[in-house]
Amino acid sequence: MASKTPVGFIGLGNMGNPMAKNLVKHGYPVVAFDIFPEACKEFQDSGAQVMDSPADVAERADRIITMLPSSPNAVEVYTGANGILKKVKKGSLLIDSSTIDPTVSKELAKAVEKMGAVFMDAPVSGGVGAARAGNLTFMVGGVEQEFDAAKELLTCMGSNVIYCGEVGTGQAAKICNNMLLAISMIGTAEAMNLGIRLGLDPKLLAKILNMSSGRCWSSDTYNPVPGVMEGVPSANNFQGGFGTTLMAKDLGLAQITATNTKTPVPLGSLAHQIYRMMCAKGYALKDFSAVFQFLREEENL
């Protein structure tokens, strides 16, 4: 049975770990690799196979999913000295769920195609909670004829799998989404902070916002104010979730693509600066919703 053939998974971080676990839950034997041995340990303990390099994963599996932090990481995993392309099999399906520069996705696709394999970009939205629950949204770019093959795997990890067009369009959709997310999170944090300083109870204010026209995902699903919601990073000293440094990276990608397409993004540019300042002020490893904490401390911003 096709579903019983091994699936490779490279990148077992905050997102990749629960994504790979959902593949295991759906009956797929997973052949995994991560540069950090500790990230692999629990997969070994659960019986999954852990390889020594991306090339070794490619030798064992002809369907591989990668979930990596940045464009340079993706380039290294695919084209490096021990990269996937060193041992990739003809006809393999390579799905990159990292959020990277669309031009890098296109370059990787060309390199993969030369090896007789297929590359698709499929970045995700939904965060760590959705990764655990298996209801991520995948934005997929690539050859349309291969979409069904990719969807078979992606539906094990997500509830929405959307074909966007040629390679790079998945990344384009993700970059636009995350720019809006950053702007809305800053706006939510500003509004909540102002309300609190005006004497409003934060839970009451959140309730009002979420039944009013200001409602957004940042206010009703991922509220940045400690004590307003359970099960979100703000309830856990902004640990876990989507790191500030990653949001700054994604906003940087938005700036590059905006410059290349001569697109005005004034709020996206300001959001980029705010998240870069947060990284410089010690928030790099905290969840991006820590912008609330940053605004509380930065009186003269």
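Given the criteria of a type in the set (S, T, N, Q), in contact (Cβ under 8 Å) with a residue 60 or more places away in the chain, open to solvent by 30 Å² or more (accessible area, probe 1.4 Å) and not in a loop (DSSP other than H, G, I, E, B), does THR137 qualify? Please lay out each step first, then the result.
On the way: of a type in the set (S, T, N, Q): yes; in contact (Cβ under 8 Å) with a residue 60 or more places away in the chain: no; open to solvent by 30 Å² or more (accessible area, probe 1.4 Å): yes; not in a loop (DSSP other than H, G, I, E, B): yes.
In short, no.
Checking each residue in segment 41-65 for being in a strand (DSSP E or B) and either charged (D, E, K, R) or under 20 Å from the mean Cα position of the chain (by Cα) (or both) picks out ARG63, ILE64, ILE65. Looking only at segment 96-111, residues that are farther than 16 Å from SER125 by Cβ, of a type in the set (S, T, N, Q) and open to solvent by less than 30 Å² (accessible area, probe 1.4 Å) come to 1 in all.
Of the numbered criteria (1) of a type outside the set (Phe, Trp, Tyr); (2) touching a Ser or Thr at 6+ places or on another chain (Cβ under 9 Å); (3) over 21 Å from VAL88 (Cα atoms), the one ILE10 fails is (3). Within segment 187-204, is there a residue that is open to solvent by 30 Å² or more (accessible area, probe 1.4 Å) and closer than 22 Å to ALA284 by Cα? Within segment 187-204, one or more residues are open to solvent by 30 Å² or more (accessible area, probe 1.4 Å) and closer than 22 Å to ALA284 by Cα. Only a single criterion out of (1) part of a helix (DSSP H, G or I); (2) open to solvent by less than 30 Å² (accessible area, probe 1.4 Å) is not satisfied by GLU38, namely (2).
Tallying residues that are at pLDDT 95 or above and outside any helix (DSSP H, G or I) within segment 102-133 yields 10. One residue stands out in segment 247-264 among those that are without any contact (Cβ under 8 Å) to a residue 12 or more places away in the chain and either outside the structural domain of TYR283 (by TED's automatic domain parsing) or open to solvent by less than 80 Å² (accessible area, probe 1.4 Å) (or both): the one that is farthest from PRO18 (Cα to Cα), namely THR263.
Each residue in segment 70-94 was checked for being closer than 26 Å to GLU152 by Cβ and among the small types (Gly, Ala, Ser), and 4 of them qualify. Being more than 20 Å from the chain's Cα centre (by Cα), at pLDDT 95 or above, outside the structural domain of LEU68 (by TED's automatic domain parsing) and among the hydroxyl-bearing types (Ser, Thr, Tyr) is a property that does not hold for THR244. Among all residues of segment 157-170, there is at least one that is at pLDDT 95 or above, open to solvent by 10 Å² or more (accessible area, probe 1.4 Å), part of a helix (DSSP H, G or I) and closer than 30 Å to THR5 by Cα.
The values are calculated or read from the model by the stated rules, or taken from the named source; none is laboratory data. In this text, all values refer to a predicted model and were calculated from it rather than measured experimentally. Quick reminder, even Gly has a Cβ in these numbers, built from the backbone with ideal geometry, and neighbours come from all protein chains shown. Calculation scope for accessible area: heavy atoms of the full protein, side chains included, ligands and nucleic acids excluded. Shrake-Rupley method; radii C 1.70, N 1.55, O 1.52, S 1.80 Å.
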